[in-house]
Amino acid sequence: MPASHHSLFLTPLRVLACLALLSVVAAGIAITVILSQSTNPMFSIRREVIVPDLSGMDWQQAQVEQSAAQLSIVWDTRYSAQAEGIVIAQKPTAGSTVKQGQKLILSVSKGPNTITVPDLKSQNRSDAIQTLRDAGFTVSVDYIRNDPTLQADTVILQSPAAGTALEAGDCITLTVARAVPDPFRQVPSLLGMSVAEARRRLAIVELLPTLTPSNLTEGTITAQDPLPGTLLHRNAHVRLVAK
């Protein structure tokens, strides 16, 4: 075969060989890139690193501390008793061996999920309970006999007090006035009152005073019988000692 013909025959073969070589090189580069980006321990060619312990750190400090490990941080926030901005959990856990670039999930505190207790005194029992439940609290109710100056089924006391900061789910105890069954009247507390004020308070609940000394018009009540809270029939007498 003439030399010119032989050269023409080899040229396509050389082109094909070059193309094949380029394909192999390109495939090698692609595989290298893929492996360099992979965080799968079976395939990654990235070096292994130890996950640092970042719990309890401020989130900015944690970001600096993990920079040597070159991990990819994913931030997660949640309420907790820890101050706002503190790392409260991490995944993978500290001490784990991972590849560079692997995801590191850091949970950062948003601070306590506190709710301020509202003022419920003198509110209707049902309204007060609904207000607390809407705010996220649980409710406990105690009943006492009604004070004559208060409307039945209203809140007299609450614990904790209004303005207290609590977490959702905490329990608020309401003390609610219970109506006195008619025709009974509840004896009010009269100790320390003036004679005139004691007479007025008894008149409100339709009870009658019996004073000792009987002719006393001024002075301070030092004793009473029956005791406060006792139920008496309307127009019954309450014995008072005054000085």
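Each value in this text was obtained by applying a stated rule to the coordinates, not by laboratory testing. All values derive from a computational prediction rather than experimental measurement.
P(r) tail, the range 75-171: Cα-Cα pairs separated by more than 20 Å, 56% of all pairs. Within straight-line reach of residue 91, meaning a Cα separation under 18 Å, sit the following aspartates and glutamates at least 8 residues removed in sequence or on another chain: 48, 53, 58, 65, 76. Size descriptors for the range 111-243, from the alpha-carbon set: Rg then Dmax equal 19.3, 67 Å.
The convex hull around the C-alpha trace of the range 184-242, projected and averaged over every direction, spans 3.1 square nanometres. Put simply, the Cα atoms of the range 114-178 extend 37, 17, 15 Å along their principal axes, the longest span coming first. Across every pair of non-identical alpha carbons in the range 48-109, the mean reciprocal distance, once inverted, gives a Kirkwood radius of 11.4 Å.
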